[in-house]
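> Sharing a structure, written as C-alpha cells. Questions coming.
The values are calculated or read from the model by the stated rules, or taken from the named source; none is laboratory data. Because the structure is a prediction, the values reported are computed rather than measured. All Cβ positions, even for glycine, are placed from backbone atoms using ideal geometry, and neighbour counts span all protein chains on display.
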Amino acid sequence: MAPFGKIYSYPGSWRVERAQVAGAFNGLEVPYAEDFTMQETNKTPEFLAKFPMGKVPAFESATGYCVAESSAIARYVASKGPLAEQLLGSDPETRAKIDEWCFFTEGELTGHTNPVAYMVHYKFMPLDQAVVDRSTESFKRALAVVEAQLQKGENKTLLGGDKVTFADITVALALVFSLGVVFGDDVLKGAPNTVAWLKSLSEMKEFAAVSNWGKLKA
C-alpha cells in the first residue's frame, strides 16, 4: 500500500509519532519525508510555498494536500480511516472529552515539560532552578490527575472503555517523552495505574512508532 502521506520533521518527535500511531490504527502509513533536512529544506521557496511559516512537523498527503501544526496533522490522520469515530468520538460529548484531554496535554503536561527540557535537556535557555522546580511540581500534579482518571477506568483507557482514543494517544506520547527524556520515570513510582496503562499501550502494534518506550524503566 502506498503511503497516505509524508511528514517533514526531525526524527524522534513525539508529535510526529502521534500522527503515525493514529495512522496505524487507521491502516495508514505516514512516514517521515526522506528528502528533508532540518534548517535547509524548510527554508526553501518550494517548502515555504506549501508551509509559509517554515515550521515542522508539516504534512503532505499523497494527493498534495498540505497541513501544518502537529495537532491538526494528527487529527487529520485520525479522521481519515475506518476507526475515525473510535479515535475522535462518535458524539459531541465524547469528542469534547477527547478534546479536553488533548488541551490538558498541551497546557499541563507539555506546558510544564518544555521549560525543563529547554533548560536542562536541550540547554536552549539558561538554567533557572526555581522555574525547573516549579515546573516539575506542576507536572507531578498533572500526572496525578491522569493517575486518578485511569483508576476510575480500571487502567484501560482515559475514557474508561476498552478502545483506545485520540486522548490516549496524545496523553501517552506526551508522557513517554516527558518521563523518558526530561523528568525521568521515578515520578511514576506513585502512579501504578499510569504504569499499567502505558505498558498496555506499549504492547500494541499500533504504538510501534514510539521511539522513547525504552527510556521508561518503571
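> Output the number of residues of the range 204-218 satisfying the condition of being of a type outside the set (A, V, I, L, M), modelled with pLDDT of 90 or more and surrounded by fewer than 20 Cβ atoms within 10 Å (Cβ to Cβ).
Here is the first cut: in the range 204-218, the ones of a type outside the set (A, V, I, L, M) are 205-207, 211-215, 217.
Okay, now just the ones that are also modelled with pLDDT of 90 or more, so 205-207.
Those left that are additionally surrounded by fewer than 20 Cβ atoms within 10 Å (Cβ to Cβ): 205-206.
So the count comes out to 2.
> Continuing with this model, one more query. Could you tell me which residue of the range 84-110 is nearest to G23 (Cα to Cα), considering only residues that are free of Cβ contacts under 8 Å to residues at least 12 places away in the same chain and of a type in the set (G, A, S)?
S90
> For the range 86-126, enumerate the residues that are over 17 Å from A174 (Cα atoms) and touching a Leu at 6+ places or on another chain (Cβ under 8 Å).
Matches in the range 86-126: T94, R95, K97, M119, V120.
> A further question on this structure: In the range 51-95, how many residues are among the hydrophobic types (A, V, I, L, M, F, W, C), within 18 Å of the chain's Cα centre (by Cα) and not in a loop (DSSP other than H, G, I, E, B)?
Residues flagged as among the hydrophobic types (A, V, I, L, M, F, W, C), within 18 Å of the chain's Cα centre (by Cα) and not in a loop (DSSP other than H, G, I, E, B) within the range 51-95 amount to 12.
> Working carefully through the options V56, V67, V77, find the one that is touching a residue at least 60 places away in the same chain (Cβ under 8 Å) and in contact with a helix residue (DSSP H, G or I) (Cβ under 7 Å, 6 or more places away or on another chain). Give the derivation first.
On the way: V56 fails: touching a residue at least 60 places away in the same chain (Cβ under 8 Å); V67 fails: touching a residue at least 60 places away in the same chain (Cβ under 8 Å).
Of the residues listed, the single one that is touching a residue at least 60 places away in the same chain (Cβ under 8 Å) and in contact with a helix residue (DSSP H, G or I) (Cβ under 7 Å, 6 or more places away or on another chain) is V77.
> Can you name the residue in the range 1-28 that is surrounded by fewer than 24 Cβ atoms within 10 Å (Cβ to Cβ) and charged (D, E, K, R) and, of all such residues, is nearest to F51 (Cα to Cα)?
Here the residue is K6.
> Quick check on F124: is it assigned by the TED database to the domain that holds T170 and at pLDDT below 95?
Yes; evaluated as a whole, the condition is true for this residue.
> Condition test on G214, is it of a type outside the set (D, E, K, R) and on the phi > 0 side of the Ramachandran plot? Step through it out loud before you land on a result.
On the way: of a type outside the set (D, E, K, R): yes; on the phi > 0 side of the Ramachandran plot: no.
Criteria not met by G214.
This table checks each residue for (1) surrounded by 15 or more Cβ atoms within 10 Å (Cβ to Cβ); (2) outside the structural domain of G12 (by the TED database); (3) not aromatic (F, W, Y).
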{"site": "F51", "(1), (2), (3)": "yes, no, no"}
{"site": "T63", "(1), (2), (3)": "no, no, yes"}
{"site": "A68", "(1), (2), (3)": "yes, no, yes"}
{"site": "A72", "(1), (2), (3)": "no, no, yes"}
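> Give A144, A148, A172 a once-over and let me know the one that is aliphatic (A, V, I, L, M) and closer than 21 Å to R18 by Cβ.
Numbers: A144 fails: closer than 21 Å to R18 by Cβ; A148 fails: closer than 21 Å to R18 by Cβ.
So the residue among A144, A148, A172 that is aliphatic (A, V, I, L, M) and closer than 21 Å to R18 by Cβ is A172.
> Same structure, new question: Looking at the range 20-31, can you tell me whether even one residue there is in a loop (DSSP other than H, G, I, E, B) and acidic (D, E)? If you could, list the steps in order and put the result at the bottom.
To start, the set of residues in the range 20-31 that are in a loop (DSSP other than H, G, I, E, B) comprises 26-31.
Still in the list and also acidic (D, E): 29.
Looking through the range 20-31, at least one residue is in a loop (DSSP other than H, G, I, E, B) and acidic (D, E).
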